[in-house]
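The values are calculated or read from the model by the stated rules, or taken from the named source; none is laboratory data. For clarity, every value in this text was computed on a predicted model and none was experimentally measured. Positions of Cβ are generated from backbone atoms using ideal geometry, with glycine treated the same way; all protein chains shown enter the neighbour counts. For the accessible areas, the whole protein counts, side chains as well, though only heavy atoms, and no ligand, DNA or RNA atoms are used. Shrake-Rupley method; radii C 1.70, N 1.55, O 1.52, S 1.80 Å.
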Amino acid sequence: MRKTGITFLLLTFSVLLMAQTPNTQRLNLNKAERVEWFRNLGFGMFIHFSFDSQLGIVISHSMVGASDDYLDRYFNELPKTFNPKDFDATAIASLAKLAGMKYIVFTAKHHSGFCMWDTETTDFNIMNTPYGKDLVAEYVEATREAGLAVGFYFSPEDFNFLHENGQQVRRSNINSIPQSVMNRYIELNELQTIELMAKYGDIDILFYDGGDGPLLEKCKQIAWELHPDLVITRGAMETPEQTVPGMQNTDPWEANLTMGTQWAYKPTNEEYKSASRLLEILIETRAKGGNQLLNIGPKPNGEISEEQEARLREIAAWNFINGEAIEATSPWIIPNERDIWFTWKPEEKTLYAILTKQPEWTRGERRDFLLRSVNSTANTSVSVLGQSDELVEYQPETDAQTYFEQQEDGLQISCVRAQRIYNNHKWNNPLVIKITNAEPAFDPPLVKTLDAEIIRSGSVTYIQFKGELTKSGDTENLKACFRYRPYTNLAEDSNSAPWHQTESVEIKDNVFMFKLRLLGKEITYQYQTLLQHPKANIYGGYKTTTIKQ
């Protein structure tokens, strides 16, 4: 480890901070105005990149439970061949911006402990590879130059530190680490946080992963001390991984998602989501009030794989047309009416109805939609984003105009897919209808999904779903039920089995239940409440439970 005057300054600053009263609770010093700024960004790029991308395996986690021989070669041999000579931070930032992303979060240090910057805290860093350059510095410069917000992913958990200090490489039971070792562990992360916050100018966003308790909280305290305008996501707000919550949330949250099944580069056996599916998840995220952080994992030479670039470019095409429906938007009174999702700009009273799952909608074809949650006003106008409403290429006889009419049961809209995006005319990604001066058509109820109860009667096992009506809204004519499905695992959550729906049940004292007989010895269910309002279905949050018989 190198010792310089800079190290002395870092240590001095760390000692001054350690003299402050420690915060044992979950610290949150995110400024409200900065959180609002962050929420308006809406869409960002996550980059998982480290030296083990050379093997095309899971980033860092293969070390847990690994043999001594594996760890020795991992720490001492694998960095010797890491040379991301084709990493083009400028090209990546440009592509992110084109795709409609407003910020990037880069893995400065993952759980392995390998640092992607020129650090004085450990020799286990990118300067001791054939590449020999500060890749974090390149990333920061290019991201700023592109006008995007700069974010770091940082893991306080450090497998290299644990290994060097005779500790088992693990992600749990850190309380069993001897106090003398734990003090050095905390100090290492403090110094690395100081470096990252001091070397690269103003940092906008920080995503912590792992190391709860003092290992994490001290890092957060230092980061905010050095950059008061910093927004910390994971560690200070909800960051669901590989999934989107079941209902809208007024609190800030950021979902993070892989294109395939792995965060780092996976050259074989990968199953990518289509760009259309990734767009649907982005749309759902924004309709429910969250940010979406979509991941790429560069190849070991630094390039983005063809499959990932292709999806980003399809997303870019959609955002070039429809980006105003994603950026700086808020949730509508409900997130969706079936496959039509909503985003809202309250100051402008502009509503966006995003028409997903519209297969084989040919160019020049007219379709009609009824929006039950929307009322028009005398000043309302309706149009399709990206289209002039004036003509369809090569179809002079086709009426391309968008029409609307307020009816008793909702706002009736008739529109045409007019714009030619692909040569073969088959562009099936969502159209977006822009509705100005819109008003809510009703005051929606709110419902909460409660924990289920397992009931055993002899050899028969039941799961009893429970829900609570927390706000009745503007009607008493409500029906309640539940929907449920077998739940596999997080990585496949976005493409899991179809929902099953129970029959309607009575709401008594704002509570309702349904008892389902279980078949099979063991099953995990994902479930949520559902209120059947005359205008729209209202959903509660997701819950999961595993039943063993």
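Taking only protein heavy atoms into account and a 1.4 Å probe, give the accessible area per residue of the range 394-501 in Å². Before the final figure, lay out the partial values.
Working: 5800 Å² over 108 residues.
For the range 394-501, the per-residue accessible area is 54 Å².
Which whole-Hz ³J(HN,Hα) couplings does the range 48-56 yield from phi under the Karplus relation 6.51 cos²θ - 1.76 cosθ + 1.60, θ = phi - 60°, glycine and proline marked x?
9, 8, 7, 5, 7, 4, 4, 8, x
I'd like the distance separating the alpha-carbon centroids of the range 495-549 and the range 338-384, in whole Å.
Between the Cα centres of the range 495-549 and the range 338-384 lies a distance of 29 Å.
Divide by every residue of the chain the summed helix terms, -39500 (n - 2.57) for each DSSP H run of at least 4, and state the resulting mean residue ellipticity at 222 nm, rounded to the nearest 500 deg cm²/dmol.
The per-residue figure over the chain is -7000 deg cm²/dmol.
Which of the peptides 310-317, 64-71 is most tightly packed, and how do the rest follow, judged by the mean count of other Cβ atoms within 10 Å per residue?
Numbers: 310-317: 19.2, 64-71: 11.4.
The packing order, highest mean first, is 310-317, 64-71.
By how many degrees, between 0 and 90 and to the nearest 10, does the Cα long axis of helix 89-98 differ from the longest principal axis of the chain?
Compared with the principal axis, the helix lies near 10 degrees.
Where only protein heavy atoms count, and the probe is 1.4 Å, what is the accessible area per residue for the range 301-360 in Å²? Each step should come with its number before you reach the end.
Working: 2660 Å² over 60 residues.
With all protein chains present, the range 301-360 gives 44 Å² per residue.
For ASN510, enumerate residues with amide H under 5 Å from its amide H, sequence gap 5+ or separate chain, H modeled in the peptide plane.
It is none; the list stays empty.
Over the range 20-167, average the accessible area per residue using a 1.4 Å probe and give it in Å², no decimals.
Values: 5660 Å² over 148 residues.
That works out to 38 Å² for each residue.
What percent antiparallel are the DSSP beta bridges of the chain, to the nearest 5?
On the way: 70 of 99 bridges.
Antiparallel: roughly 70 percent of the beta bridges in the chain.
If you average the C-alpha positions of the range 402-466 and of the range 235-263 separately, how far apart do those two centres end up, in angstrom?
Each part's Cα centre sits 20 Å from the other's.
Just to confirm the number: angle between the C-alpha axis of helix 306-322 and the first principal axis of the chain, 0 to 90 degrees, nearest 10?
50 degrees
Under unit Cβ charges (Lys, Arg +1; Asp, Glu -1), what dipole magnitude, rounded to 20 debye, does the chain have relative to its Cα centre?
Details: 55 positive and 72 negative charges, 226 e Å.
Taking the Cα centre of the chain as origin, the dipole is about 1080 debye.
Do you know the relative contact order of the range 93-185, to the nearest whole percent, from alpha carbon pairs under 8 angstrom that are 6+ apart? It would help to have the intermediate numbers written out before the result.
Details: 114 pairs, mean separation 29.0, N = 93.
Once normalised by length, the contact order is 31 percent.
What are the ³J(HN,Hα) values, in whole Hz, obtained from phi via the Karplus relation 6.51 cos²θ - 1.76 cosθ + 1.60 with θ = phi - 60°, for each residue of the range 180-187 in sequence order, with x given for Gly and Pro?
Once θ is set to phi - 60°, the couplings for the range 180-187 become 5, 6, 4, 4, 5, 4, 5, 4 Hz.
Suppose R0 equals 41 Å. What FRET efficiency, 1/(1 + (r/R0)^6) with r the Cβ-Cβ distance, do ASP202 and ASP474 give to the nearest 0.05? Please report the intermediate quantities before stating the final value.
Numbers: r = 46 Å, r/R0 = 1.13.
Between ASP202 and ASP474 the formula returns 0.30.
If you bin the C-alpha pair distances of the range 276-421 every 5 Å from 0, what whole percents do you get?
P(r) for the range 276-421, in whole percents per bin: 2, 9, 16, 19, 20, 15, 9, 5, 3, 2, 1, 0, 0.
Using a 1.4 Å probe on the protein heavy atoms only, what accessible surface does HIS61 show? Give it in Å² to the nearest 10.
HIS61 exposes around 70 Å² with every protein chain in place.
Give me, ordered by chain and number, the residues 5 or more places off VAL231 or on other chains with an amide H under 5 Å from its own placed amide H.
Correct list: ILE205, LEU206.
At 1.4 Å probe size, with the rest of the protein present, what percent of the exposed accessible area of the chain is carbon and sulfur atoms?
Numbers: 11450 of 24230 Å².
Carbon and sulfur together cover 47 percent of it.
Specify the angular offset, from 0 to 90 degrees and rounded to the nearest 10, of the alpha carbon long axis of helix 5-18 from the longest principal axis of the alpha carbons in the chain.
Approximately 60 degrees, to the nearest ten.
Would you kindly state how much longer the chain becomes between GLU360 and GLU141 on full extension, computed as 0.36 nm times their sequence separation minus their alpha carbon distance, in nm to one decimal?
Values: separation 219, 0.36 × 219 = 78.84 nm, distance 4.33 nm.
My answer for the length gained is 74.5 nm.
With percent of Cα pairs over 46 Å apart in mind, check (1) 17; (2) 21; (3) 58 and report the label derived from this structure.
Correct label, based on the coordinates given: (2).
Starting from the amide H of PHE46, placed 1.01 Å from N in the peptide plane, find each other amide H under 5 Å away whose residue is 5 or more places distant or on another chain.
Excluding prolines and chain starts, which carry no amide H, the hits are VAL105, LEU294, ASN295, ILE296.
What translational diffusion coefficient, to the nearest whole µm²/s, does the range 207-281 have by Stokes-Einstein, given a Kirkwood radius computed over alpha-carbon pairs, a temperature of 20 °C and 1.002 mPa s viscosity?
Values: Rh = 14.9 Å.
D = 144 µm²/s.
Going through the cross-link list LYS345/LYS535; LYS345/LYS434; LYS102/LYS218; LYS448/LYS508; LYS97/LYS299, which pairs have a Cα-Cα distance over 18 Å in this structure? Write out the running numbers ahead of the final one.
Working: LYS345/LYS535 22 Å; LYS345/LYS434 11 Å; LYS102/LYS218 28 Å; LYS448/LYS508 14 Å; LYS97/LYS299 20 Å.
The pairs that break the limit, which is 18 Å between Cα atoms, are LYS345/LYS535; LYS102/LYS218; LYS97/LYS299.
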